[in-house]
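Report on the following structure.
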Amino acid sequence: MASTFLCSTKIYSVLHHQKPGNFPGGRTLQIASSRKSSSRIRGSSASGNVESHEVVTDNLLRLIQGEERGLRTQKDAVKRAQIIKAIDALGEVGRDSTTTDSSLTSTWRMLWTTEEEQLFIIKNAHLFGTEAGDILQVIDVRKGILNNIITFPPTGAFVINSTLEVVSKQRVNFRFISAALKVGGGRFPLPPYGQGWFESVYMDEKIRVAKDIRGNYLVVCRDPSSF
């Protein structure tokens, strides 16, 4: 598996209610207004004003709403281009910010991605008698830890443990060190492989947007889960 990246049920109210199933297996999102939340760009220096990043963030969240974490986007080149354009716009807003400090430490839940390996698992988990639940990325900058987790409710999970190294104000390097499939009360170790980097081009107290070494895109939100 290549780099597997991984919100509370309220983020920004772009749409008031997310219909069940729009994020298959994962929790239903209820999005709360970014203007009401007055979210701020995290980091030592943020470009743009509050209104501009709220508008751009709202636009991105509207675009990914109902995209089934990226499954539908795979078949819609126009929508994919619109989403990537919105990600690039948000990256411009956060261009001068630092996103690799302690504020990156969190559990992050995936909302949307272009990474084919993750989308393949989401789409085909039913073939193994299960369904992909939340996809999480657990980061601890101080400890240099990155754990990617694909959950298979009620108790299963595919876990990839990695090291993490900050190399610039927005980029981190990672290297996989172990992997295991946990299902049916058993744990099945798998050989870890892979290394690379990702850049968090935008981050605030609610969401984060990243690009990786292979040109994939990721939109995640902070999650209260503990792993």
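The values are calculated or read from the model by the stated rules, or taken from the named source; none is laboratory data. All values derive from a computational prediction rather than experimental measurement. Here Cβ is always computed from backbone atoms with ideal geometry, including for glycine, and neighbour counts include all displayed protein chains. Accessible surface areas use protein heavy atoms only, side chains included; no ligands, DNA or RNA. Shrake-Rupley method; radii C 1.70, N 1.55, O 1.52, S 1.80 Å.
Scan segment 165-182 and give yes if some residue there is open to solvent by less than 50 Å² (accessible area, probe 1.4 Å), modelled with pLDDT under 95 and in contact with a helix residue (DSSP H, G or I) (Cβ under 9 Å, 6 or more places away or on another chain), otherwise no.
So far as segment 165-182 goes, no, none of its residues is open to solvent by less than 50 Å² (accessible area, probe 1.4 Å), modelled with pLDDT under 95 and in contact with a helix residue (DSSP H, G or I) (Cβ under 9 Å, 6 or more places away or on another chain).
Please work out which residue is surrounded by the fewest Cβ atoms within 10 Å (Cβ to Cβ), limiting yourself to segment 196-213 and to residues that are of a type in the set (Lys, Arg) and at pLDDT 95 or above.
Of everything passing the filter in segment 196-213, 211 is surrounded by the fewest Cβ atoms within 10 Å (Cβ to Cβ).
Of everything in segment 90-118, what is hydrophobic (A, V, I, L, M, F, W, C) and either surrounded by fewer than 19 Cβ atoms within 10 Å (Cβ to Cβ) or assigned to a strand (DSSP E or B) (or both)? Give them in sequence order.
108, 110, 111, 112
Pull out all pairs, ordered by first then second residue, where Cβ-Cβ is under 7 Å, the residues are six or more apart or on different chains, the first lies in segment 64-76 and is of a type in the set (A, V, I, L, M), and the second is part of a helix (DSSP H, G or I) and open to solvent by 30 Å² or more (accessible area, probe 1.4 Å).
Short answer, once both residue conditions are applied: 71/123.
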